[in-house]
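The next block holds one structure in the form of structure tokens; read it before the comments.
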Amino acid sequence: MAEGIIAGLVVFTLASFVGFEVINKIPPTLHTPLMSGSNAISGIAIVGALLVAGDRHWNLSVALGLLGVILATINVVGGFLVTDRMLQMFKKKEVKA
Amino acid sequence: MSEFLPTGIQLSYLIASALFIIGLKQLGSPATARQGNVVGAIGMLIAIVATLLDRQVLNYEMIALGIAIGAGLGAVMAYRVAMTDMPQMVGLLNGFGGAASALVAVGEFWRVTSVMDVVPLSETITIVLSILIGGITLTGSLLAFAKLQELVPGAPITFPFQQPVNLAIVVTFLAGSGMLIANPHDLPVFLTLVVLSLILGFLFVLPIGGADTPVVISLLNSFSGLAASAAGFVLMNNMLIIAGALVGASGIILTELMCRAMNRTLANVLFSAFGSTQTATAGAVADSEDKTVRSIDSEQGAMMLGYARSVVVVPGYGMAVAQAQHAVRELTDQLERLGVEVKYAIHPVAGRMPGHMNVLLAEANVPYTQLYDMDDINPEFERTDVALVIGANDVVNPAARTNQSSPIYGMPILEVDRAQHTIVIKRGMNAGFSGVENELFYKNKTMMLFGSAKDAITQLVAAVKEL
């Protein structure tokens, strides 16, 4: 089990570095869409919630997992859609200008 | 053949992770941002579909119902929300993400303790960590949402012995974690830890003032990612760990950018409510009494603007609150009709979240090419005839440059005082969020146009039309 944690830490650390590198130097115009877009990605918790909610037999874990599925789906769907709505406005305007 | 499905799921996770990275990369450039968002969404779809194929997932009816409810609510929120309310929206979504991660940890704790007699140490530690981060993200975000929505006062809220109380809760949490590690089946201790992490999130945001919410929202965004990562450690799921780490990193970068734009450290933003600013405010108010303010009406203002060669508009949160961005756009259209060159100067912390002002002006169809960042516009003010400040205060306060004793000294500002003339639209002479008096208002070149941003701009538009 400890090896699992170490492997996880390796993945976590490397992914953090990738995150820092990818996101550095973003123009201020895109800060809000970036935040709501990355916010939608943090809804990845839905994967965990699906696994916890997956059991066919009702128990407390399944109930908690299902609540997690609902909240995470709001996060994912709301986040991606509102980001698209914002970026659409930027698009429209650039064409006009 | 039995190995095929799990391998396929892991490969799908790998593809989804790659798509998230590509999506984030594309979100960083105006030309590809919208595509990047779509790429991220496709990654998410792949991750969800792959997970549904997992042998562990059997409860399809209920899950379909849950996803339908969540998707419906999310879509309604996304299409209904006003652009001024984006910070609240992101705050609330952060909270939901954090809550989902914490629920995963609680659910997993339940499952593990009911099927195993001996719970592995690593399992308990990751569950505690996940509940801590998820819980803080949930209540912290909900309180930030309530502050932004003005359900509770935006001012910093402090009470006696606040820091000792916080410390006591942290110590209790650590002690409780130790007890749970010793005996993972101790349900009361587990529930206490859940409640304590919720209280911590609440207390963490309580003393942070309304002006600092861009920083808090960025930080909570980072937390919601870390919460997902922590849940990934609980389930030993790389997909969660990677996506969470990416979001955690991006949130930290934006937090750092916001802090730099206010010339403050993160620690200062989080803890400054504890008794440093009040004294400085008192000193600044006293010496302002014998200064005079030049006030003008909208006709005079229209005259100055209409006959200028170049005008720089400096929008602040006051403009956003008054929903005056459309009126401002109309005003600048009228000015351009008269041959005036119009630019917008955007301070990095204008609005209530990073880049918020750009979104609001985009909504009002202000051309992208007219928006200028602080570093680009500051050298231009000397050649500008009129700087029009609408509902901004601290970000144009020259004291940040000149007065070493000012609390905002050193903060990068928009140097509107270098323009030939400055018109400030403001409701009254109140100090800004920082509580600091603004000497710009008393300068010879500065004219005050009192009124709510929307009324004042609407009158200016009418007056400019008659020129």
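Between B:Leu388 and B:Val312, B:Val313, B:Val314, B:Ile423, the built amide H atoms are under 5 Å apart, and every one of these is 5 or more places off in sequence or on another chain.
Of A:Lys25/B:Lys443; A:Lys25/B:Lys147; B:Lys343/B:Lys426; B:Lys25/B:Lys343, which sit over 32 Å apart, Cα to Cα?
Working: A:Lys25/B:Lys443 37 Å; A:Lys25/B:Lys147 30 Å; B:Lys343/B:Lys426 20 Å; B:Lys25/B:Lys343 29 Å.
Pairs exceeding the cut-off: A:Lys25/B:Lys443.
When each full DSSP H helix of chain B is screened for a Cα extent of at least 24 Å along its own axis and an average Kyte-Doolittle hydropathy of at least -0.5, the helices passing are B:4-27, B:33-52, B:60-80, B:86-115, B:121-148, B:162-182, B:187-205, B:213-235, B:238-261. For chain A, the spherically averaged projection of the C-alpha convex hull amounts to 8.7 nm².
The Rg/Rh ratio of segment B:332-467, with Rg taken over Cα atoms and Rh as the Kirkwood radius over Cα pairs, comes to 0.94. Summed over all non-identical Cα pairs, the Kirkwood treatment of chain B gives a radius of 24.7 Å. Among the helices of chain A, those built from whole DSSP H runs whose Cα atoms reach 30 Å or more along their own axis and whose mean Kyte-Doolittle hydropathy is at least 0.0 are A:2-23, A:60-96.
Which peptide among B:401-414, B:11-24 comes first, and what is the full order, when sorted by highest mean count of other Cβ atoms within 10 Å?
On the way: B:401-414: 17.1, B:11-24: 20.7.
Put in order of decreasing packing, that is B:11-24, B:401-414.
Residue by residue through B:53-61, how many Cβ atoms from other chains fall within 10 Å of the Cβ on average? Mean inter-chain Cβ contacts per residue within 10 Å come to 4. Inter-chain neighbour count for B:252-261: the average number of beta-carbon atoms from partner chains within 10 Å of each residue's beta-carbon is 3.
Given Cα positions, please report Rg to Rh for segment B:145-198, the hydrodynamic radius being the Kirkwood one. Radius of gyration relative to Kirkwood radius: 1.16. Measuring between their Cα centroids, segment B:161-235 and segment B:354-374 lie 36 Å from each other.
Can you tell me what percent of all Cα-Cα pairs in segment B:393-451 are more than 16 Å apart?
Numbers: 670 of 1711 pairs.
In whole percent, the long-distance tail amounts to 39.
Inter-chain neighbour count for B:217-228: the average number of beta-carbon atoms from partner chains within 10 Å of each residue's beta-carbon is 4. When you restrict to C-alpha pairs under 8 Å that are six or more residues apart and normalise by the size of chain A, the relative contact order lands at 29 percent.
Convex hull volume of the C-alpha atoms in the protein assembly as shown, normalised per residue: 141 Å³. Counting neighbouring Cβ atoms within 10 Å and putting the fewest first, the residues B:Lys291, B:Lys443 line up as B:Lys291, B:Lys443.
Take B:304-312, B:45-53 and order them by the average number of nearby Cβ atoms within 10 Å per residue, most first; the result is B:304-312, B:45-53. Would you work out the relative contact order for chain B, in percent, from Cα pairs under 8 angstrom that are 6 or more residues apart? Once divided by the residue count of chain B, the mean separation gives 13 percent.
By the equivalent-ellipsoid construction on the alpha carbon gyration tensor, segment B:123-163 comes out with semi-axes of 27, 15, 4 Å, ordered largest to smallest. Report note on the peptides B:76-83, B:142-149, B:391-398: ranked by the mean count of other C-beta atoms within 10 Å, highest first, their order is B:391-398, B:142-149, B:76-83.
Using the 10 angstrom Cβ neighbour count as an exposure proxy, how do B:Glu380, B:Glu108 rank, fewest first?
Details: B:Glu380 17, B:Glu108 23.
Fewest-to-most Cβ neighbours within 10 Å comes out as B:Glu380, B:Glu108.
Only helical DSSP H runs with n ≥ 4 go in: add -39500 (n - 2.57) per run for chain B, normalise by residue count and round the 222 nm mean residue ellipticity to 500 deg cm²/dmol. It lands at -20000 deg cm²/dmol.
None of the figures in this text is laboratory data; all of them are computed from the coordinates on show. Only a predicted model underlies this, so the values are computations on that prediction, with no experimental measurement involved. Cβ coordinates were reconstructed from backbone atoms using ideal geometry, including for glycine residues, and neighbour counts include every protein chain displayed.
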